[in-house]
Amino acid sequence: MMHPAIPKILRSACLGLLFLFLSACHRSPELAPLPTDAVVLAFGDSLTYGTGARPEESYPAVLEQLIGKRVVNAGVPGEGTDEGKARLPALLDEHRPALVIICLGGNDFLRHMDEATTETNLREMVRTAKERGRGVLLVGVPRLGFGLEVPSLYERVARDAGIPLEEKSLKRILADNSLKSDPIHPNAAGYRQLAERIATALRRSGAIP
């Protein structure tokens, strides 16, 4: 005859295993800890460049202060993923970053480019960085319009590459007029919030303590 306490013990054990499984499923992919002298490459378009704010108020400039690492602002206003894909390799060679933050896609959406092409280009950029031993953090860019939804392609790219994704920040910032300088760009407060969210994502993934 089974001891009356055994079913309760088994139930507790099963619940514990389920909790561990769910926690593992929701854990952010890990990044290697950044060395003391690490360079971070902030790669993107006008959202990275800091259009709508002063240079020292751009998200890369604020992020540099937050994480204590050199952050190179490699944002080019108006750039699409086609141009970004072509530009990235030379920057990797020039700056030899330990980590690349990719925030691109908004101009593709404005130009009504086929999203499959955007996804392919992002995958190629991630692959190029990872093949050279660089960590990658992907930032999801919302498609302008009702709801400011972030296309699911960002989640697929991040999941398949095993890299962390920050997909909520820009959507929240661009939905708040008090954080924008114009319909498609943050202001200084918006860029600071983006930098803070990216720093949190880096901390969560293990890149910084």
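The values are calculated or read from the model by the stated rules, or taken from the named source; none is laboratory data. Owing to the predicted nature of the structure, the values given are computational and were not obtained by experimental measurement. Note that we place each Cβ from the backbone using ideal geometry, even for glycine, and neighbour counts take in every protein chain shown. Accessible surface is based on the protein model in full, side chains and every heavy atom, while ligands, DNA and RNA are left aside. Shrake-Rupley method; radii C 1.70, N 1.55, O 1.52, S 1.80 Å.
If each DSSP helix of 4+ residues adds -39,500 (n - 2.57) and the sum is divided by the residues in the chain, what number results at 222 nm, nearest 500 deg cm²/dmol? Counting only the DSSP helices, I get -15500 deg cm²/dmol. For the pair segment 48-104 / segment 159-188, the C-alpha centres are spaced 15 Å from each other.
If you keep only loop residues by DSSP, which GluC sites (Glu not before Pro) in segment 135-209 have at most 13 other Cβ atoms within 10 Å of their Cβ?
Glu149
The residues of segment 106-167 present an accessible area of 47 Å² per residue when probed at 1.4 Å with all protein chains retained. By accessible area, using a 1.4 Å probe on protein heavy atoms only, segment 53-209 has 50% of its surface on carbon and sulfur.
If R0 is taken as 30 Å, the Cβ-Cβ distance between Arg127 and Glu56 corresponds to a FRET efficiency of 0.35. Between the amide H of Ile101 and those of Leu41, Ala42, Phe43, Leu137, distances stay under 5 Å, these residues lying 5 or more places away or on another chain, with hydrogens modeled in the peptide plane. Within straight cross-link reach of Lys130, meaning Cα distance under 27 Å, which lysines are found once same-chain residues fewer than 8 apart are removed? Here the lysines satisfying the reach criterion relative to Lys130 are Lys69, Lys85, Lys168, Lys171. Evaluating 6.51 cos²θ - 1.76 cosθ + 1.60 at θ = phi - 60° for every residue in segment 162-169, the Karplus couplings come out as x, 10, x, 10, 10, 10, 9, 4 Hz, glycine and proline recorded as x.
Around the amide H of Gly75, modelled in the peptide plane, lie the amide H atoms of Gly44, Tyr49, all under 5 Å away and 5 or more residues distant in sequence or on another chain. Each residue of segment 104-109 was assigned a 3J(HN,Hα) from its phi angle through the Karplus curve 6.51 cos²θ - 1.76 cosθ + 1.60 (θ = phi - 60°); the sequence is 9, x, x, 6, 4, 5 Hz, with glycine and proline shown as x.
Please return the longest range in the chain lying between exposed loop sites, taking trypsin sites (Lys or Arg not before Pro), DSSP loop only, at most 12 other beta-carbon atoms within 10 Å, and leaving the sites out. Intermediate results must be reported in sequence, preceding the final value.
On the way: sites that count: Arg27, Arg111.
The longest uninterrupted stretch comes out as 112-209.
Couplings 3J(HN,Hα) for segment 183-196, derived from phi with the Karplus relation 6.51 cos²θ - 1.76 cosθ + 1.60 (θ = phi - 60°), are x, 10, 10, x, 9, 4, 5, x, 5, 4, 5, 4, 4, 5 Hz, where x marks Gly and Pro.
Summarising the label geometry, the points placed 7 Å from Cα in the beta-carbon direction at Arg203 and Thr117 lie 4.0 nm from one another.
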